[in-house]
Amino acid sequence: MRSLPVYVWRELQSAVTLLDENSSLRETLGVILSWIRENYKCFTVEPFSTYGIDEFSHVDESLMPVEFSSLLPSDITQFKKVIFGYQANEADAIARFLRDTIEALITVETDKQCPKCQSDGMRIFIGRYNGLLAYQCDVCGHSNYSDGSKVSGGELEFVSEKRLRELNMI
């Protein structure tokens, strides 16, 4: 497992100190994505590339439905606590936590039940090649398109707030 350079990890920890319970979720997302963009090369290798952290650098956060996130502003305190709890050498845990946090910030959760594990709540994505809405389970990772067909790896993209409005999903 590769570790982050300590100075890079401390940059995020330093930036996060500026966030508080009055910070918006969009500000929180901005802090994370700015840090990823500034340190892009660190995220093109394992384990970060496995979790798609490098791909988040291409997300236009101004288009994402952050205000409809399942996270609450009160979750910022917990986010900060977790960030300060990790050490730079815990790269796998950091990558997983960042992926889950960013996805929670830029996706909308629906009340659909996962057909595989029966968990309530699936996140909305869109098919990269077919434009169909897709739902992904947070618990088991199962994904399927709105027409019931199975999603293959690498086929999903984040859905913009504008597109979700056009589809009457928000």
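Bear in mind these aren't lab numbers, they're just calculated from the coordinates by the rules spelled out. The model shown is predicted, which means the values in this text are computed figures rather than measured ones. Here the Cβ positions follow ideal geometry from the backbone for every residue, glycine too, while neighbour counts run over all protein chains shown.
Close Cβ contacts (under 6 Å, 6 or more residues apart or on different chains) running from residues in the stretch 69-83 that are on the phi < 0 side of the Ramachandran plot and surrounded by 12 or more Cβ atoms within 10 Å (Cβ to Cβ) to residues that are part of a loop (DSSP other than H, G, I, E, B) and among the hydrophobic types (A, V, I, L, M, F, W, C) comprise Ile76/Leu19.
For the stretch 81-107, residues that are over 16 Å from the mean Cα position of the chain (by Cα) and not hydrophobic (A, V, I, L, M, F, W, C) total 6. Of all residues in the stretch 10-30, those that are more than 13 Å from the chain's Cα centre (by Cα), assigned to a helix (DSSP H, G or I) and not small (Gly, Ala, Ser) total 6.
Among the residues of this structure, Tyr135 counts as one that is in contact (Cβ under 8 Å) with a residue 24 or more places away in the chain and at negative phi. Being farther than 23 Å from Leu4 by Cβ, of a type outside the set (A, V, I, L, M, F, W, C), under 16 Å from the mean Cα position of the chain (by Cα) and surrounded by fewer than 20 Cβ atoms within 10 Å (Cβ to Cβ), is that true of even one residue in the stretch 41-56? No, that holds for no residue.
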